[in-house]
Amino acid sequence: MTDLTIRTLDGSTKAFAPDTIAALRGKLRGAVALPGEDGYDAARSVWNAMIDRRPGLVVRCLGAADVINVVKLARDEQLLLAVRSGGHNIAGNAVCEGGLLIDLSLMKSVRIDPASRTARVEPGATLADFDKEAQGFALAAPLGVNSTTGVAGLTLGGGFGWTTRKFGLTIDNLISADVVTADARLVHASEEENQDLFWALRGGGGNFGVVTSFEFRLHPLGPEVLSGLIVHPLDEAGELLSRYRRIAKEAPDELTTWAVMRKAPPLPFLPAEWHGKEVLIFAACYSGDMKDGYEAIKPLRELGKAIADVITPQPFTAWQTAFDPLLTPGARNYWKSHDFADLPDAAIKAIVDAVRTLPSPECEVFIAHVGGAMARVAPDATAWPNRNAHFVMNAHTRWRDKAQDAACVAWARRLYDATASFASGSVYVNFMPEDENDRVANAYGANYRRLAKIKRRYDPQNLFRMNQNIQPDK
C-alpha cells in the first residue's frame with residue numbers, strides 16, 4: 001500500500017505512511033474513509049452540485065473524542081481542514097480539495113427536555129431531525145425553511161426562518177455549545193463560560209472551532225400552524241408587492257410572509273394552464289393562536305385576485321418541508337443576496353423585471369420577511385449585526401446543465417447590481433457564494449474587529465479557514 005498524500009495549509013502536500021493511517025483508525029469510534037472506500041463519496045457530496053471536490057482523507061466522526069483526534073492531527077501536521085455537517089452551504093466550504101475532511105453528518109442525536117424546554121443537538125442533525133423530535137412535545141426553536149439543511153451551519157451563520165419574527169434568530173435561542181478549538185481542546189461556551197467565544201459563535205460561522213453539541217431554548221408551538229401559499233400572476237407583482245410592503249411592516253410578530261417569484265411548478269392546486277408561467281407566491285406562517293392567525297392573514301388574502309389560496313392549518317413539520325421538492329440535492333446553484341431596511345418601488349421593479357428573464361425554470365427570487373423579535377436585539381449582542389433588516393432578498397439561480405453556468409451566474413449578478421443602491425450593504429453569511437470573500441467584513445459591520453481579535457485568540461494560525469473567513473487580527 002502506498003503513502004497517502006494530503007494537502008497542507010501552505011498549498012504543498014504531505015505524505016502519510018499506511019501505518020499512520022492505521023493508527024488513526026485505531027483511535028476512533030468513527031471511520032476513516034479514503035478515496036474509493038465506503039463512505040468517502042457520501043461524505044464529500046454536498047447539496048450544491050457545482051462543488052465537486054475530492055479530499056485526501058475523510059474522517060466520519062461519532063463523537064467529540066473523534067473530533068479532538070482529527071483536529072490534533074490537522075494542527076500538528078498543518079493540514080488543510082474542512083468541516084462538514086449538513087453539507088447544505090451554498091459556498092461549498094464543507095469540502096476541501098486534497099485536504100482533511102471532518103464529516104459530522106453521522107452525529108445526529110437530538111434530545112429534548114420538555115420540562116426545561118431545552119434541546120441538545122449534535123452537529124450532523126438536520127432541521128427535519130430537530131423539528132420532528134421537538135414537535136413530539138409541541139416545542140420548536142426558530143430554524144430555516146428547508147428541512148434538509150444542517151442545524152450546525154444554519155446556527156453558526158445566524159439562522160432565520162418562519163418563526164424568527166416571533167422567537168428571534170436561531171442564535172438568539174442558543175444557550176450553550178461544546179466546541180473543539182484549534183488547539184484540540186473541548187471547551188464549553190455560554191453566557192457564563194468562555195463568553196467571548198460564545199458571542200463569536202452566534203453568527204461568526206465556522207471560524208472558531210468545531211461545535212460538537214448545541215443547546216437550544218425551545219418555545220411552545222404547534223403541532224399545527226396556520227400556513228400555506230397564495231399565488232398571483234407575476235404581471236400583478238409590482239402593485240401587490242407595494243401593498244405587501246405595508247402589510248409586512250404592520251404584521252404582528254406571529255405572522256411571517258415571504259414573497260417568491262419564479263415559474264410555477266406543477267403543484268396540484270394550480271390550474272394546469274399556469275404551470276411553467278411566471279408567478280408571485282406569498283408564503284405565510286402564523287406562529288400563534290389559530291383564530292388570531294386568520295385575522296392577521298386577512299389583509300394578505302385581500303390582495304388582488306389570487307390564482308390559488310391554500311393557507312390552512314397543517315402540521316408545523318409539514319410546513320417546514322413545503323419547499324423541499326424545489327430544493328433537492330443534485331442541482332447546480334448560485335446565490336446573490338441583499339439586506340433591505342425597506343423595499344422601495346424601484347427595487348421592486350428591478351426584481352420583477354429580472355424574474356421576466358429567468359435563465360432556467362428552477363431559478364427564483366425570494367424576499368424573506370424578518371424583523372420582529374430579531375430586530376429587538378442589540379447589533380453588538382451577538383456576532384450577527386444586521387438587526388435592522390426587514391427584508392432579505394436572495395437571487396437563487398438553480399440549473400442542471402454545466403453549460404448554463406455562465407448565463408445563470410451572470411443573471412444573478414445583474415439583479416444584485418440592479419438592487420444594490422437600495423440595500424443596506426450587509427449580507428447574511430449563509431447566503432454568500434464562494435466568490436464573495438470581499439463581503440465578509442460588510443457581513444459583520446462594526447462587529448468584525450472584535451471577531452478578528454477572538455479569532456486570533458482561538459485560532460491564530462487560521463486552521464479553520466474553509467468558511468466565510470475572518471482573518472486573525474494581527
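Flag: T321 matches the condition of being at negative phi, surrounded by 15 or more Cβ atoms within 10 Å (Cβ to Cβ) and of a type in the set (S, T, Y).
Of the candidates G98, G144, G161, G157, the single residue that is within 27 Å of A378 (Cβ to Cβ), of a type outside the set (V, I, T) and touching a Pro at 6+ places or on another chain (Cβ under 8 Å) is G161. Selection within region 411-445: residues that are of a type in the set (S, T, N, Q) and in contact (Cβ under 8 Å) with a residue 24 or more places away in the chain. The member of this set that is surrounded by the fewest Cβ atoms within 10 Å (Cβ to Cβ) is N437.
Taking the conditions (1) touching a strand residue (DSSP E or B) at 6+ places or on another chain (Cβ under 9 Å); (2) within 24 Å of G203 (Cβ to Cβ) in turn, R400 satisfies each one other than (2). Check V67, V58 and return the single one that is buried (at least 23 other Cβ atoms within 10 Å of the Cβ) and either part of a strand (DSSP E or B) or in contact with a helix residue (DSSP H, G or I) (Cβ under 6 Å, 6 or more places away or on another chain) (or both). Just a single option satisfies the conditions, and that option is V58. Of all the listed residues (L326, L358), the sole one being of a type in the set (A, V, I, L, M), surrounded by fewer than 21 Cβ atoms within 10 Å (Cβ to Cβ), over 30 Å from Q195 (Cβ atoms) and at pLDDT below 95 is L326. Checking A49, A15, A43 one by one, the residue that is within 23 Å of A65 (Cα to Cα) and either modelled with pLDDT of 95 or more or among the aromatic types (F, W, Y) (or both) is A43 and no other. Tally up the residues in region 62-94 that are free of Cβ contacts under 8 Å to residues at least 60 places away in the same chain and over 14 Å from D183 (Cα atoms), please. Matching residues across region 62-94 total 3.
Looking only at region 273-312, how many residues end up being touching a Ser or Thr at 6+ places or on another chain (Cβ under 9 Å), surrounded by 15 or more Cβ atoms within 10 Å (Cβ to Cβ) and in contact (Cβ under 8 Å) with a residue 60 or more places away in the chain? Qualifying residue count, region 273-312: 7. Only residues that are out of contact with any helix residue (DSSP H, G or I) (no Cβ under 8 Å at 6 or more places or on another chain), closer than 13 Å to V365 by Cα and crowded, with 19+ Cβ neighbours inside 10 Å: list them for region 240-266, please. If the condition is that a residue be out of contact with any helix residue (DSSP H, G or I) (no Cβ under 8 Å at 6 or more places or on another chain), closer than 13 Å to V365 by Cα and crowded, with 19+ Cβ neighbours inside 10 Å, then W258, V260 are the ones that fit.
The values are calculated or read from the model by the stated rules, or taken from the named source; none is laboratory data. All values derive from a computational prediction rather than experimental measurement. Cβ atoms come from the backbone with ideal geometry, glycine included; neighbour counts cover every protein chain shown.
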